[in-house]
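Since the structure comes first, as structure tokens, the remarks are kept for the end.
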Amino acid sequence: MTYGLILALGIILYSIVIYALNIYTPGIGIQAIQWIIIFGLIYYGQIKYRDDYKNGVLSYSQALGFGVLIGLFASLIYALYFVILVKMIDPGYIEKLLQAMEQKMYEANKVSNEQIQTIMNMYRQKMTIGAMVLGSVLVMSLISFLVSLITSIFAKKEESPFSADEMNG
């Protein structure tokens with residue numbers, strides 16, 4: 001799945017830049033960049049698959065299925081990257097992420113300090129590497145399905161009901 005690998009590399013590159021900038025809770029503008037990468041690379045993969053392997057013809061369901069496969073494959077590669085990040089590169093990454101989340105909650109000032117502590121204790125118990133890997137695969141698969149629902153509209157190309165011979169006379 002070449003296109004899944006390309007998408008994974010795009011998401012990993014985005015993640016490396018975010019990590020290098022010490023952004024643990026990106027705002028909507030920064031998240032939009034990731035969405036553009038996902039939309040663009042799934043659509044690119046669908047178009048290339050249609051034109052290079054399906055003779056320029058691709059149904060909506062085929063485009064949808066291929067887009068989901070791209071996302072699933074990308075999520076598995078990203079999960080491997082994430083394990084390497086938290087096990088080898090930065091073993092304190094999850095704790096830094098939790099601290100950034102806690103800080104955001106205090107800054108938002110929408111819940112009491114006791115509620116924040118309760119929430120953070122729950123997160124600390126649940127945010128294991130395994131849970132985060134499984135969550136990222138499931139979420140990326142769902143996202144790729146939702147994105148593919150849209151991109152498949154534009155990637156599909158039905159075969160003409162008229163053959164080339166009929167049109168030439």
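Conditions: (1) buried (at least 16 other Cβ atoms within 10 Å of the Cβ); (2) modelled with pLDDT of 90 or more. LEU97 meets all but one. Number of the miss?
Going through the list (1) buried (at least 16 other Cβ atoms within 10 Å of the Cβ); (2) modelled with pLDDT of 90 or more, LEU97 breaks only (2).
Checking TYR60 against (1) touching a helix residue (DSSP H, G or I) at 6+ places or on another chain (Cβ under 9 Å); (2) within 27 Å of ILE16 (Cα to Cα), only one condition comes out false. Which one?
Tallying (1) touching a helix residue (DSSP H, G or I) at 6+ places or on another chain (Cβ under 9 Å); (2) within 27 Å of ILE16 (Cα to Cα), TYR60 fails exactly one: (2).
So is LYS156 touching a residue at least 24 places away in the same chain (Cβ under 8 Å), of a type in the set (Lys, Arg) and surrounded by 10 or more Cβ atoms within 10 Å (Cβ to Cβ) or not? So that I can check it myself, show each step before the final result.
On the way: touching a residue at least 24 places away in the same chain (Cβ under 8 Å): yes; of a type in the set (Lys, Arg): yes; surrounded by 10 or more Cβ atoms within 10 Å (Cβ to Cβ): yes.
For LYS156, the condition - touching a residue at least 24 places away in the same chain (Cβ under 8 Å), of a type in the set (Lys, Arg) and surrounded by 10 or more Cβ atoms within 10 Å (Cβ to Cβ) - is met.
Can you spot a residue in the range 122-140 that is farther than 26 Å from ALA79 by Cβ and at pLDDT 90 or above?
Filtering the range 122-140 down to residues farther than 26 Å from ALA79 by Cβ leaves none.
Taking every residue of the range 122-140 in turn, none turns out to be farther than 26 Å from ALA79 by Cβ and at pLDDT 90 or above.
Considering only the range 42-60, state which residues are of a type in the set (Gly, Ala, Ser) and either within 24 Å of ILE143 (Cβ to Cβ) or surrounded by 15 or more Cβ atoms within 10 Å (Cβ to Cβ) (or both). First the steps, then the outcome.
Residues of the range 42-60 that are of a type in the set (Gly, Ala, Ser), as a first pass: 45, 56, 59.
GLY45, SER59 - these are the residues of the range 42-60 that are of a type in the set (Gly, Ala, Ser) and either within 24 Å of ILE143 (Cβ to Cβ) or surrounded by 15 or more Cβ atoms within 10 Å (Cβ to Cβ) (or both).
The values are calculated or read from the model by the stated rules, or taken from the named source; none is laboratory data. On a predicted model such as this, the values are computed, not experimentally measured, just so you know. A quick note on method: Cβ atoms are made from the backbone with ideal geometry, for glycine too, and the neighbour counts reach across all protein chains shown.
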